[in-house]
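A.B. asks: My structure is below; once you've seen it, I'll send some questions.
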Amino acid sequence: MKIAIVCYPTFGGSGVVATELGIALANRGHEIHFITYRQPVRLEQLSNKIHFHEVNVPEYPLFHYQPYELALSSKLVDTIKLYGIELLHVHYAIPHAYAGYMAKKMLEEEGIYVPMVTTLHGTDITLVGKHPFYKPAVTFSINKSDVVTSVSENLKQSTLELFDIKKEIEVVPNFIDKRKYGMQFTDCQRSLMATDEERIITHISNFRKVKRIMDVIHIFHKVQNKIPAKLVMVGEGPEKEEAEQLCIDLGISNKVIFLGNSNEIDRILCFSDLFLLPSETESFGLAALEAMINHVAVISSNTGGIPEVNRHGVTGYLSDVGNVDEMAENALKILSDDVTLEKFKTNAANAALDFDILKVLPLYEAIYEKALSSR
Ligand code: GMT
């Protein structure tokens, strides 16, 4: 199949999923065309099966906001015609499903029919999409998609509760390629981060409010009061400065390492013992899954789709949002002795295999076949 994939090219989970999906589809022989404003961060290699088409939005002083949707839908029309693309898969409803629908309609004027699959990822529904300023357009573009998928059962239910959706929503969970990320590094450089006695705790996110970064710091503060530990913070975002200041105020800045964005999170996760994800809401928690496949136990909140990934008492523990005392106690339960830690680490890696890409890819391929047969 010739498939166009529209996504955000940044470090966010939806862009990562879209990119990994495109790469895996290309490995199965499909021709993939990424259409977005920058080359996706996880797309390292282009080939005759993987193309990237940049959406350019020329600056014009009249516009207070530059019309990205317009440029994207025009780019979609041109690229679909030029390469004979058969199917459009948009990740994150805003504004991709909206722009995709416009492209579809423009192509139909020329007698070209291209079905559109829309994958809902989380904040496009639970945070941004439900805002009254966007809701009518988001509802419209979801209902006009040929097939709609969501990354968790919980996100499907939230979508049905928050929007007037007439379409069936199919749950296709996020996935992990164990051949790519699950390998245990022989050159895992643990000593760069901590001494042999210290446990290593990690958090990876875009440091937005929804991630509750201050909870991460408070949990770690309580843990390091009891056992030697280091905290590795990976990512960039609006909460970072406040988190750095909090570490100074709590007197733990010598134990917290802020690494910024990284393209090699598996190199960091390979020496991590525990992953913290205390989010306010999380449709899935791809970062937790990436930790698990790298043998890292997870302490998380019990919100959204996280319970579909992290299993209480098996791969880690779940607590109510904001309950940092319980999260710290549970972290200590896991970290306090080597045998318990090893058990949780092994459980996490085994549970992550339920989300192996080889199980999930055929689900998307079946959806594409279905969308194409709706012609
Ligand atoms: O986590 C983020 O804020 C980024 C966001 C995105 O759209 O890139 O992530 C969402 O999609 C991921 C991939 O499907 C999910 O794993 C995340 O749980 C989800 N984030 C939220 O729901 C907050």
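A.B. asks: Counting Lys and Arg as +1 and Asp and Glu as -1, what is the net charge of the other residues whose Cβ lies under 11 Å from the Cβ of Pro238? List each step's numbers first, then the result.
C.D. replies: Working: positive: Arg208, Lys209, Lys211, Lys240; negative: Glu236, Glu239, Glu241, Glu242.
Residues near Pro238 contribute 0 overall.
A.B. asks: Here is a follow-up. Too long at a 31 Å Cα-Cα cut-off: which of Lys240/Lys359; Lys211/Lys370; Lys255/Lys343; Lys222/Lys345?
C.D. replies: Lys240/Lys359; Lys211/Lys370
A.B. asks: Among Met214, Met102, Met116, Met327, which comes first, then next, by fewest other beta-carbon atoms within 10 Å?
C.D. replies: Neighbour counts put them in this order, fewest first: Met214, Met102, Met116, Met327.
A.B. asks: Follow-up question, since we're still on this one. Show the residues, 5+ positions off or on another chain, whose built amide H is closer than 5 Å to the amide H of Val232.
C.D. replies: Residues meeting the criterion, in which the H sits 1.01 Å from N, are Ile201, Thr202, His203, Ile257.
A.B. asks: OK, next. For Ser301, what residues show an amide H to amide H distance below 5 Å, using hydrogens built from the backbone and excluding near sequence neighbours?
C.D. replies: Distant-sequence amide H within range of Ser301: Leu277, Ser279, Ser319.
A.B. asks: Separate question: Considering the chain as a Gaussian network with a 10 Å cut-off on Cα pairs, which listed residue, Leu88, Leu127, Leu21, attains the greatest mean-square fluctuation?
C.D. replies: Leu127
A.B. asks: Follow-up question, since we're still on this one. I need Thr10, Thr119, Thr159, Thr346 ordered by Cβ neighbour count within 10 Å, fewest first.
C.D. replies: Exposure proxy ranking, most exposed first: Thr346, Thr10, Thr159, Thr119.
A.B. asks: By count of other Cβ within 10 Å, fewest leading, how are Asp196, Asp337 ordered?
C.D. replies: Final ranking by Cβ density, sparse to dense: Asp196, Asp337.
A.B. asks: Cα-based Rg of the range 1-133 per 2.2 N^0.38 Å, rounded to two decimals?
C.D. replies: 1.03
A.B. asks: Taking θ as phi - 60°, what are the ³J(HN,Hα) couplings along the range 44-54 by the Karplus curve (6.51, -1.76, 1.60), each to the nearest whole Hz, with x for Gly and Pro?
C.D. replies: Once θ is set to phi - 60°, the couplings for the range 44-54 become 8, 10, 8, 8, 6, 9, 10, 10, 10, 10, 7 Hz.
A.B. asks: Under 5 Å between amide hydrogens, which residues at least 5 positions from Tyr37 or on another chain qualify, with H placed 1.01 Å from N in the peptide plane?
C.D. replies: The answer is Val55.
A.B. asks: Given points 7 Å out from each Cα along the Cα-Cβ axis, report the Phe133 to Lys343 separation in nanometres with one decimal.
C.D. replies: Modelled inter-label distance: 5.1 nm.
A.B. asks: In whole Hz, with x marking every Gly and Pro, tabulate ³J(HN,Hα) for the range 129-143 from phi via Karplus 6.51 cos²θ - 1.76 cosθ + 1.60, θ = phi - 60°.
C.D. replies: Karplus-based 3J(HN,Hα) across the range 129-143 equals x, 7, 4, x, 5, 10, 3, x, 5, 5, 4, 4, 6, 5, 5 Hz.
A.B. asks: Can you tell me the mean projection area, over all orientations, of the convex hull of the chain's alpha carbons? Units nm², please.
C.D. replies: 19.2 nm²
A.B. asks: Shifting gears a bit: Between the range 240-305 and the range 134-202, what is the separation of their alpha carbon centroids in Å?
C.D. replies: Rounded to whole Å, the Cα centres lie 15 Å apart.
A.B. asks: To the nearest 500 deg cm²/dmol, what mean residue ellipticity at 222 nm is calculated for the chain from DSSP H runs of n ≥ 4 alone, each contributing -39,500 (n - 2.57), summed and divided by the residues?
C.D. replies: Helices in the chain give a 222 nm mean residue ellipticity of -12500 deg cm²/dmol.
A.B. asks: Could you please report the charge total around Ala194, scoring K, R as +1 and D, E as -1 over all other residues with beta-carbon less than 11 angstrom from its beta-carbon?
C.D. replies: Working: positive: Arg190, Arg199, Lys230, Lys255; negative: Asp196, Glu197, Glu198, Asp273.
For residues surrounding Ala194, the net value is 0.
A.B. asks: May I pose another question? Could you go through the range 167-172 in sequence order and give the Karplus-derived ³J(HN,Hα) for each residue, using 6.51 cos²θ - 1.76 cosθ + 1.60 with θ = phi - 60°, rounded to whole Hz, and x for Gly and Pro?
C.D. replies: Rounded to whole hertz, the list is 8, 5, 10, 9, 8, 10.
A.B. asks: Kindly provide the Kirkwood hydrodynamic radius of the range 179-355 in Å, to one decimal, from all pairs of distinct alpha carbon atoms. Don't skip to the answer; put the middle values down first.
C.D. replies: Values: mean 1/r = 0.0637 Å⁻¹.
Mean inverse Cα-Cα distance, inverted, gives 15.7 Å.
A.B. asks: Further, regarding this structure: Could you compute how fast the range 64-130 diffuses translationally, taking Rh as the Kirkwood radius over C-alpha pairs and applying Stokes-Einstein at 37 °C with viscosity 0.692 mPa s? Give it in µm² per second.
C.D. replies: Values: Rh = 12.4 Å.
The estimated diffusion coefficient comes to 264 µm²/s.
A.B. asks: Cysteines without a disulfide-compatible partner in the chain, using Cβ under 4.7 Å as the rule?
C.D. replies: Cys7, Cys247 - these cysteines have no disulfide-compatible partner (Cβ-Cβ under 4.7 Å) in the chain.
A.B. asks: I need the calculated FRET efficiency for the pair Asp249 and Lys167, taking r as the beta carbon distance and R₀ as 41 Å, to the nearest 0.05. Write down the numbers at each step before the final one.
C.D. replies: On the way: r = 49 Å, r/R0 = 1.19.
Step by step, r from the Cβ atoms, then E = 0.25.
A.B. asks: Using a Gaussian network for the chain with springs between C-alpha atoms less than 10 Å apart, which of these wobbles most: Ile201, Ile85, Ile293?
C.D. replies: Of the options given, Ile85 has the highest mean-square fluctuation.
We did not get these values from a lab; they are worked out from the coordinates using the rules stated. Note that this is a predicted model, so its numbers are computed, not measured. Please note: Cβ atoms are built from the backbone with ideal geometry, for glycine as well, and neighbour counts cover all protein chains shown.
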